[in-house]
Amino acid sequence: MTWNFQNTYCKLSPILFRQVMAKTFPHPQICLFNEGLTHQLNLDSHLLQSQQGILWLSAQQLPPGAQPIALAYGGHQFGVFNILGDGRALLLGEHIDHRGNRWDIHLKGTGPTPFSRGGDGLAALGPMLREFLVSEALHYLKLPTTRSLAVLTTGEEVYRHNERLPGAILVRTAQSHIRIGTLQLAALISHDVLKELTNYTITRHYPWCLQENNPIYCFLSQVIDRLAHLVAQWMSIGFIHGVLNTDNMSISEETIDFGPCAFLDEYIPSLVLCSRDREGRYRYENQPNVTEWNLLCLIQALSPLIAAQNTNNVTDLTQEMLMHYRKRYQHYFNEIFCKKIGLKPNYPESVEMIHLLLKWMEGAKADFTNTFFWLTYHKESKNFWEKENSYLKALKVNFDEDFFHWYHKWRSLLEKQGTTLLDSQSQMREINPVIIPRNHLIEKAIHMAQKNHSIEEVKALWVALQNPYSVPNEGARFLKMVTPHPYQLPPQEHERVCQTFFGT
Ligand code: AMP
Ligand code: MG
């Protein structure tokens, strides 16, 4: 029930990290606390919320066994390589839970480190609450992600865009914080450091590869497979990460770093909200391509080790690996999206139905989540679209003639594949969320917390996000005549979030 730290990362070459201490804060206090996660970590939630716990979670006092470090890494930021590192965060240590699972306990917003590059090393409350809400939402949507244990206010103000905002710390957990950019930095340092960090990474995350003839090859294909799966999952819920630099891509398949992330409301594949992404490099539809580009960086970083182990030449192997990625991505995309419309996966006619639906959604500017929601929960009845007209309008699904053409084709295909509407809908319920952390909901809740000092809206949203697959009002199960839950509604024009910003 108490901390059980190991610090294996500290045994690596010291060039990969720096020992650091947190800044002294006037009055750290818990703002949001994830009790459920403490059970998984086998930590005492009362103790963590006590005065002692607060001092630990803000690193004002070190928990027993902790050895705080800032991690060094590099990364291609918008295509340009930079030497980076934890500029405003520290790793307390690796906590081992009662099942033997290893969790990095990482604090963000704890003050400057040798990697701060002129930044203040601090974090404002809004972005930390945003990361808490979105990472936890992804977890409950069954996606691999870092988790959030707590947000604390520091009692100090931070200055952002000529504004004074409450300072905060996010306590997050991760399988590890090894990013593609960490291996890129190791490759830049020396062959020995690259070899050391790669061995460490394989042992920590892909230990079965050590039994293979060619562990590096095995490791690469596993990372490729997992990242292909992760991106397909993002696409399936309309998630736009926003800043897929190689330092924001974890080697362990977890979604990491939630600065300018967003969700699709209307289905606009070219949507880009991140203020700094002028060329749309990280737009929704480009995420699979950018991930391939990032994987190419990983392959390049590992190429000295590949060359040492492999009989094939590195160029052939690179081509083979990228082809592997494209195939795996397509496989997962088809599998997940077929499930979203209740069709048998990987049949050409099922896949065609996905693309036809997406094309219709794009043309009609239909709401992404609510279109799948409606397909999942609608009840067959005559002229339902007329009866449910106001409901559909509220959900912004905008059905038209073309949609009904698709709908009838879909229903025939379901029949041809031997499934009933009800059976396919029960499968679809497991994958099509009712509630997602829509951009305007998050913004509104954060605004209330940051400007009005009221955390209630954040808490209410967080509760709803823990049950994304249930219809909040049971009566709404068959839609008719029922008002949608407010969290299901796409933004009104004045609520629309047009830009998202880095979490600084
Ligand atoms: P991010 O965009 O959050 O992934 O951050 C990119 C890099 O900038 C990372 O190395 C961060 O540690 C660093 N960074 C971000 N914000 C700050 C800050 N306020 N002070 C110092 N470093 C920062
Ligand atoms: Mg980052």
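The values are calculated or read from the model by the stated rules, or taken from the named source; none is laboratory data. Small disclaimer: the values here were computed from a predicted structure and weren't measured. All Cβ positions, glycine included, derive from the backbone under ideal geometry; neighbour counts span all protein chains shown. In case anyone asks, the SASA skips ligands and DNA or RNA and just uses the protein heavy atoms, side chains included. Shrake-Rupley method; radii C 1.70, N 1.55, O 1.52, S 1.80 Å.
Restricting the search to segment 150-169, which residues are farther than 16 Å from Pro437 by Cβ, of a type outside the set (Ser, Thr, Tyr) and crowded, with 24+ Cβ neighbours inside 10 Å?
Filtering segment 150-169 for residues farther than 16 Å from Pro437 by Cβ gives 150, 152-169.
Right, trim to of a type outside the set (Ser, Thr, Tyr) and you get 150, 152, 155-158, 160-169.
Ala150, Leu152, Gly167, Ala168, Ile169, listed by residue number.
Report every pair of residues separated by at least 6 positions or lying on different chains whose Cβ atoms are under 9 Å apart, first residue within segment 70-84 and closer than 12 Å to Ile180 by Cα and more than 10 Å from ligand 1 (Cβ to nearest atom), second open to solvent by 10 Å² or more (accessible area, probe 1.4 Å) and part of a strand (DSSP E or B).
His76/Asn82
Inside segment 237-268, can you point out the residues that are open to solvent by 10 Å² or more (accessible area, probe 1.4 Å), more than 15 Å from ligand 1 (Cβ to nearest atom) and of a type outside the set (Val, Ile, Thr)?
Passing the criteria: Glu253, Asp265, Glu266, Tyr267.
Test of understanding: among Arg130, Arg117, Arg147, which residue is among the charged types (D, E, K, R), under 22 Å from the mean Cα position of the chain (by Cα) and within 16 Å of ligand 2 (Cβ to nearest atom)?
One residue alone meets the criteria, Arg130.
Residue under question is Ala307, and the condition is that it be away from ligand 2 (no atom under 16 Å from the Cβ), in contact (Cβ under 8 Å) with a residue 24 or more places away in the chain and small (Gly, Ala, Ser); does it hold?
Numbers: away from ligand 2 (no atom under 16 Å from the Cβ): yes; in contact (Cβ under 8 Å) with a residue 24 or more places away in the chain: no; small (Gly, Ala, Ser): yes.
No; evaluated as a whole, the condition is false for this residue.
How many residues are within 11 Å of ligand 2 (Cβ to nearest atom) and of a type outside the set (D, E, K, R) if we restrict to segment 72-96? Walk me through it before giving the result.
First, pick out the residues of segment 72-96 that are within 11 Å of ligand 2 (Cβ to nearest atom): 73, 75, 77, 84-89.
Then keep just the ones that are of a type outside the set (D, E, K, R); that gives 73, 75, 77, 84-85, 87, 89.
Adding up the residues that qualify gives 7.
Tell me, yes or no, whether segment 97-110 has at least one residue that is within 14 Å of ligand 2 (Cβ to nearest atom) and in a loop (DSSP other than H, G, I, E, B).
Among the residues of segment 97-110, at least one is within 14 Å of ligand 2 (Cβ to nearest atom) and in a loop (DSSP other than H, G, I, E, B), which makes the answer yes.
What tally of residues in segment 411-448 results from selecting those that are under 30 Å from Cys498 (Cα atoms), in a helix (DSSP H, G or I), in contact (Cβ under 8 Å) with a residue 12 or more places away in the chain and in contact with an Asp or Glu (Cβ under 7 Å, 6 or more places away or on another chain)?
3
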